[in-house]
Amino acid sequence: MTALDPSLLQCLADRGTGDAELRALKAQISADPSGSDVDLLQNLLEYYHALPDRLPARIDPIEYPKLASAMGHLMVLDVLPGDYYYRLYGSRIATIAGFDMTGKKTSELPFSLPGRFFLGCYDWVCQTKRTLLSYHIAPTTVNAHGWHRLALPFEVDGRVTRLLVGNINEGERHRRRSGSLHL
């Protein structure tokens, strides 16, 4: 992990995510998302830069065809005091994770450590009004080895009110059913 912005480290620490937790998650974080080698996240970044200042009411892949393949990998979060509300939790994310967070808050995630990591990252994005690219390993109960995540802020009257987040899984685990491993 490269040297991180001290304000990002503080946001993470404020949410209970220090060096040991970042190592446990094998977290990689960058405030420069242009370095992502994940095509869907690069397409999302292009979409973001082409938008006016605020997130449109509807994300329309017809207007931006490169985004169509990312639709199931998107999350839209409303910024609440001290938390984030999932207005949309992409269908592909929900399928891989094994749960749907639509209508729930980040603090309600079933995994404590990744949840604290997300909260700290989202806090920083809101405070700095900058994009953030991250990677972390997934809990073993999730059907992915890890997640590449790009968080994009949207402002209203100088305050970040909503985040658009792309979340792309890395690899898939084979889930166990009834004690046997299905390949």
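Points worth noting:
- Among the residues of segment 117-155, those identified as farther than 18 Å from Phe99 by Cα, in a strand (DSSP E or B) and free of Cβ contacts under 8 Å to residues at least 60 places away in the same chain are Ala151, Pro153.
Quick grid of which residues meet (1) basic (Lys, Arg); (2) modelled with pLDDT of 95 or more:
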{"site": "Phe117", "(1), (2)": "no, no"}
{"site": "Trp124", "(1), (2)": "no, yes"}
{"site": "Arg130", "(1), (2)": "yes, no"}
{"site": "Ile137", "(1), (2)": "no, no"}
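- Looking across segment 79-106 at every residue that is modelled with pLDDT under 95 and assigned to a helix (DSSP H, G or I), the one that is surrounded by the most Cβ atoms within 10 Å (Cβ to Cβ) is identified as Ile93.
- Subset of segment 1-53 (residues that are of a type in the set (D, E, K, R), in a helix (DSSP H, G or I) and either without any contact (Cβ under 8 Å) to a residue 12 or more places away in the chain or in contact with a strand residue (DSSP E or B) (Cβ under 8 Å, 6 or more places away or on another chain) (or both)): Asp19, Arg23, Asp39
The values are calculated or read from the model by the stated rules, or taken from the named source; none is laboratory data. Fair warning: this is a prediction, and the values are worked out from it, not measured in the lab. Every residue, glycine as well, gets a Cβ built from its backbone with ideal geometry; the counts of neighbours run over all protein chains shown.
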